[in-house]
1. Once neighbouring chains are kept in place and the probe is 1.4 Å, which whole percent of the accessible area of segment A:22-165 is contributed by carbon and sulfur?
2. Report the local net charge at A:Ile269: Lys and Arg +1, Asp and Glu -1, summed over other residues whose C-beta lies under 15 Å from its C-beta.
3. Treating only the Cβ atoms of Lys and Arg (+1) and Asp and Glu (-1) as charged, compute the dipole magnitude of chain B about its Cα centre; round to the nearest 20 debye.
4. What is the Å³ per residue value for the convex hull set by the Cα atoms of segment B:89-169?
5. Let's see if you can work this out: charge +1 on each Lys and Arg Cβ, -1 on each Asp and Glu Cβ, no other charges. What is the dipole magnitude of segment B:89-169 about its Cα centre, in debye to the nearest 20?
6. Within chain A, which whole H helices from DSSP have a Cα span along their axis of at least 24 Å and a mean Kyte-Doolittle hydropathy of 1.6 or more, if any?
7. Please find, in a Gaussian network model of chain A (springs between Cα atoms separated by less than 10 Å), the residue of A:Leu265, A:Leu118, A:Leu61 whose mean-square fluctuation is greatest.
8. Counting only heavy atoms of protein chains, what accessible area per residue, in Å², does the protein assembly as shown have with a probe of 1.4 Å?
Amino acid sequence: MALPESARPPQQSGALYRQTAMRRYLALAVLSALAALPLVLEALDQSFYISFVARVLIFALAATSLNFIVGFGGMVAFGHAAFFGAGAYTVAILMEAGVVSAFISWPLAVGVAALLSLGIGLASLRTRGVYFIMITLAFAQMIFYLFVSLKHWGGDDGLSLLSRSAFGGLDLKDDAVFYWLVLACLAAALFLLDRLAHARFGRVLQAIRENESRMEGLGYPVMRYKLLCFVIGAALAGLAGALLANHSQLASPNLLHWTQSGTLLVMVIVGGVGSLYGGVVGAVVLLLLEELLSGFTNHWHLVLGLILLVVVFRAPKGIAAYTHALFRRGQERE
Amino acid sequence: MSEALLQIAGVSRSFGGVHALSDVSLDVVAGEVHALIGPNGAGKTTLIHQISGMQRPDAGKILFAGKDITRLSMHERVAAGIARSWQITNVFLRLSALDNVCLAVQGRQRDWGSSFRFWRPVDAERRIAEEAHSWLAEVGLAGREQVLAGSLAHGEQRQLELALALATGPSLLLLDEPMAGMGPEESTQVVELIEHLGRSVSILLVEHDMDAVFRLADRISVLVGGRLLCTGTPDEVRANPEVRSAYLGEVTNTP
């Protein structure tokens, strides 16, 4: 049965995530460019956009955290807004109580989101497919209605923050400084997830996504891996929530609404499910389109929908995977 | 013969009103190849499910190495040393053959520790990959390491399935029709592999290929309609008139 060397198929990496050195350098280049962006914008007298890009990066972090659950853990969760919102409300509530320090409130925001996801995960991870989608949605909506009904914490209007958190010697009221902090958080999260995905834990997660029963049959306690993946994703969403509350100085029930979960899911799908940078690409594309189109017409939702249709048909695995494929084709031609 | 590695005592299991298994008791002795035969629908795969932990019996007990494992989950039983292959190929189709086996090797906590490790890349753990290479060679897949499992031929996928089960380091191997859908050459290869495993692993083998069964098995149990008809050496089973009438027919005239 032995095939001659020439007849063997080329090395295939398969469905496992393996980052190439080339792509790491590319990511570093993009990171440097983003770090320099505030200086460029200030020089061009366009510093208004610093805040806008910071917002995009916060959503990129939230979408990335969801992509870890959906793309690497294989769990299509439709309640990510709960963790995003929990992070925001934790910071806002603590600030109302007089806790201004980010060193206290941000880790707590992460912790609250993680604890919440632990409970929701324990209750919902026994189900899969549509049932998992519905049960995560139900939990998130319960939390949404809870916060809408809590008049003490702003009810419908949300809870506004008197100022941004105090972060040691950094002045977060300065938009550029805040932007750099957001960028650092996103970069750190991406670095962490990259390590996780290549380590034993990430390998197991992806294999569970590929074939859960087989992993159980290889002796892996599948449920524990899925639960931890769910909690890690939620914790990062909590961090994103804490950042967003600081950015807009508001914790709004909108953050908890199911449409927020939907938006994050669309970002992940457009950007690329299971690509490390999928969430980032999706958030950038979606929010840029929203910003550009809403300048032209009030009916920008319609145009956005049409563009998304094109993306889904042209690049069903997401834009990140699509560019990888283009890149690879280009290399083979050389 | 030495003591029983696996003891199944009075196991019953029904689905709806159908009794798939009724009061089945049998032993697998350490080091033996024990074949389980019976007509379609006799409950062979159901019995494998009870032992592997895929399903739990309604009544009865399953003991493995002296410990009651009746209520253990599947992954706990694998860790205890029970591995299985599936009747329908169950591998990671979108992963390379090598990555498939690496996962099986990595899962052996007693050798490598937990997989709750978050920093060091698996690809840098050379010993896992080296061991996976040797398992692939063992089952006859040398040179096919980088091929995606989904692109392997059917027989090769069966071989990979076997490599996955073996790489978990079992003391008991449950093989559910390992030669199903294989050509004669591949079947011979698997028969030789099972012979080659020798007495280091005990095997419970479900198989329809009677030539293979009578060549490999030390003992044979016959399951008919969810009940155990008899257990004995191949000669005893061949001579048993009940088995002849219930199942074997003229197939017993093996060379």
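The values are calculated or read from the model by the stated rules, or taken from the named source; none is laboratory data. Bear in mind the structure is a predicted one, so any value in this text is a computation, not a measurement. Ideal geometry is used to build each Cβ from the backbone, glycine not excepted, and the neighbour counts take in all protein chains shown. Side chains included, ligands, DNA and RNA excluded: accessible areas come from the protein's heavy atoms. Shrake-Rupley method; radii C 1.70, N 1.55, O 1.52, S 1.80 Å.
1. Carbon and sulfur atoms account for 72 percent of the accessible area of segment A:22-165.
2. Overall, the nearby charge balance is +2.
3. 900
4. Measuring per residue, one finds 87 Å³ for the Cα hull of segment B:89-169.
5. Rounded to the nearest 20 debye, it is 220 debye.
6. A:48-67, A:102-124, A:130-149, A:278-296
7. A:Leu118
8. 44
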